[in-house]
Amino acid sequence: MKNTLIKYLVLAFSVMIVFSACRKDAYEGTQSQDKGTSFFRLTEGKIRAQFFSPFTDKKVVTMFTARRDAASSADLNKAVTVVLSGIDLTAYNTAHHTNYTLLPSDAYTLVAQPGVSQKGTGAELAFAPGDFAKKFMVELDGTKLDPSESYAIAYAVSDPAGLTVNAGKDTIISTIGIKNKWDGTYAFTGTMVDATNSNLTHVNDYLSAHGEADGTPAPMQYELRTISATECEVYDNYYYGGNYMLINNNGAMSNYGSFALIVQFDPATDKVVAVRNYYGQPAANTRSAALDPSGANQYDAATKVVTIKYFMKQPSVVTAAPNVRTSWDEKWTYLGPR
């Protein structure tokens, strides 16, 4: 009985090998997992943001990639043309509180790609039999780009040519920005004093004790992200991810709600001339940012170090003028591009 069972198992295993060996996949792209349904997607949707150091020559940039995921080789071998319509950036900015500017037509030329074309304010992507991906590439003219602008091209799928559009992949806002000279990743060191709570101290107090275990050793790293020719927002891409000013709260990582810095520089002198709160000046919780005039408040172009003192004011908590709740005395040392 045992030998008979073994024979049947060997036979079944042999059949599996034969069927597996006979299977051939002619399609090298991504086939749809939903049998009978072929999908289309703008792979970077909904927003693709790219930043570049200032340049005066021309640079080829991929703004977005479109892809069809065919249900079968037969579907892949059909010719289809997907139509994209331009998105009204003025209306988009109003609805999403952004400030994108349409990339001027004289600032770029469309790189010739089979099946990729612009039609008025829209675009067409013609997939020939066997095509499963299209790149929308442009050649940017750096002399036409203003560092104070956030440029974008914006499209939405208006005719998917019978394909099913993946959820959330039907629009693309592809943005281009020129970094100002202070843009980059910095190590933040220094001290912090909260006049109302001595348990709240500088973020590096937490990272020095616990950062190695968290995979984020001290010192704290923040990015200065260009938002105009003279301003950068301070962004945490190191611990949480977001616009925060992190703090040590009696041995635990924390942050001040609705408070993060935007820093303004004087391009002629590299002085830090102002700071303001990313969440409003003041935010709903009355928190605002201000420079401490006793600080050097200076960027050194030779060392790429920012020496700065600044306050968080909160009159709802500290009622006496000048309403300073928290003081920072820091050096921001450039580590590299973000």
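The values are calculated or read from the model by the stated rules, or taken from the named source; none is laboratory data. Quick caveat, the model's predicted, so the values are computed rather than measured. Note that we place each Cβ from the backbone using ideal geometry, even for glycine, and neighbour counts take in every protein chain shown. Heavy atoms of the whole protein, side chains included, go into the accessibility calculation; ligands, DNA and RNA do not. Shrake-Rupley method; radii C 1.70, N 1.55, O 1.52, S 1.80 Å.
Evaluate the following for Thr143: is it assigned to a strand (DSSP E or B) and either open to solvent by 30 Å² or more (accessible area, probe 1.4 Å) or polar (S, T, N, Q) (or both)? No.
Filter the stretch 83-110 down to residues that are touching an Asp or Glu at 6+ places or on another chain (Cβ under 6 Å) and aliphatic (A, V, I, L, M) and give me whichever is surrounded by the fewest Cβ atoms within 10 Å (Cβ to Cβ). Of everything passing the filter in the stretch 83-110, Val83 is surrounded by the fewest Cβ atoms within 10 Å (Cβ to Cβ). Only one entry in Ala161, Ala218 is open to solvent by 20 Å² or more (accessible area, probe 1.4 Å), closer than 19 Å to Ser117 by Cα and not in a strand (DSSP E or B), namely Ala161.
The residues on offer are Pro337, Pro322, and the sole one that is at pLDDT below 95, more than 19 Å from His202 (Cβ to Cβ) and open to solvent by 30 Å² or more (accessible area, probe 1.4 Å) is Pro337. If you check Gly177, Gly168, Gly115 for being at pLDDT below 95, open to solvent by less than 40 Å² (accessible area, probe 1.4 Å) and at positive phi, only one passes: Gly168. Across the stretch 221-250, the qualifying residues are those that are assigned to a strand (DSSP E or B) and of a type in the set (Val, Ile, Thr), and the one among them that is modelled with the lowest pLDDT is Thr226.
When each of Thr189, Thr201 is tested for being surrounded by fewer than 18 Cβ atoms within 10 Å (Cβ to Cβ), in a strand (DSSP E or B) and touching a residue at least 40 places away in the same chain (Cβ under 8 Å), the lone residue that passes is Thr189. Against the list (1) open to solvent by 40 Å² or more (accessible area, probe 1.4 Å); (2) modelled with pLDDT of 95 or more, the condition Phe259 fails is (1). Restricted to strands (runs of 3 or more DSSP E) entirely inside the stretch 55-123, those with at least 2 residues that are out of contact with any His (no Cβ under 9 Å at 6 or more places or on another chain) and either under 19 Å from Gly45 (Cα atoms) or of a type in the set (S, T, N, Q) (or both) are 58-69, 80-86, 100-102, 116-119. The single condition among (1) at pLDDT below 50; (2) surrounded by fewer than 16 Cβ atoms within 10 Å (Cβ to Cβ) that Ser32 does not satisfy is (2).
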